[in-house]
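S.K.: Right, I'll just put the structure down here and ask away after.
Just so you know, all these numbers are worked out from the coordinates, no wet-lab data involved. It should be emphasised that the depicted structure is a prediction, and the values quoted were computed from it without experimental measurement. Neighbour counts are summed over all protein chains in view; Cβ atoms, including those assigned to glycine, are modelled from backbone coordinates with ideal geometry.
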Amino acid sequence: MRHTTVFAFALALAAAHAAPLLADPAEIVAASAERGPQGWTVSVTLRHGDSGWDDYADGWRVVSDGGEVLGTRELLHPHVDEQPFTRRLSGLDLPEGRHVWVESSTNTTGWSGDRLRLPVSPSR
């Protein structure tokens with residue numbers, strides 16, 4: 001009887017941790033930066049296997065070469081039927097003529113180590 005209890009506990013523990021281990025980061029499909037009168041607007045397109053509130057892309061951020069977070073776009077709900085999807089963040093102060101990085105996050109994996117390099121082209 002004791003082995004059955006230990007096995008059941010181990011199985012329950014494995015099941016509880018399986019979802020986060022199998023979760024995938026949100027893929028950054030595309031990003032662009034456009035200069036406007038109130039600063040820069042960054043548009044980011046993400047793709048993720050959002051399955052509902054238990055696993056969805058919950059944000060993206062713009063980061064400098066030195067690791068400073070320049071802006072964060074929170075995503076407050078799943079996008080199950082809208083994949084890929086694009087969201088914007090305006091009023092950013094970006095280093096013109098250089099580049100920044102875009103990182104994505106999900107509510108199960110947190111901030112992904114994957115980054116997309118985004119050139120910040122000088123305004124014309």
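S.K.: With N set to the number of residues, divide the alpha-carbon radius of gyration of segment 25-119 by 2.2 N^0.38 Å and report two decimals.
M.R.: Ratio of Rg to 2.2 N^0.38 Å for segment 25-119: 1.04.
S.K.: Same structure, new question: Give me the Å³ per residue figure for the convex hull around the C-alpha atoms of segment 76-124.
M.R.: 121
S.K.: First select every other residue whose beta carbon is under 10 angstrom from the beta carbon of Leu89; then total the charges, Lys and Arg +1, Asp and Glu -1.
M.R.: +3
S.K.: Oh, and also: Let me know the charge dipole size of segment 25-119 about its Cα centre in debye, to the nearest 20, where only the beta-carbon of Lys, Arg (+1) and Asp, Glu (-1) is charged.
M.R.: The dipole magnitude comes to about 360 debye.
S.K.: Measuring from label point to label point, each 7 Å out along Cα→Cβ, what is the Trp111 to Asp93 span in nm?
M.R.: If labels sit at Trp111 and Asp93, their model points lie 1.9 nm apart.
S.K.: I've got another one for you. Which of the chymotrypsin sites (Phe, Trp or Tyr not before Pro) found in segment 31-124 are loop residues per DSSP with 13 or fewer other Cβ atoms within 10 Å of their Cβ?
M.R.: Answer in residue order: Trp53.
S.K.: Could I have the simple spin-label model distance between Asp81 and Asp54, label points 7 Å from Cα toward Cβ, reported in nm to one decimal?
M.R.: Label at Asp81, label at Asp54, 2.1 nm between them.
S.K.: Same structure, new question: Please name which of Gly49, Ala26, His99 has its Cα lying farthest along the dipole of segment 25-119 towards the positive end, using unit charges on Cβ (Lys, Arg +1; Asp, Glu -1) and the Cα centre as origin.
M.R.: Towards the positive end, the residue furthest out is His99.
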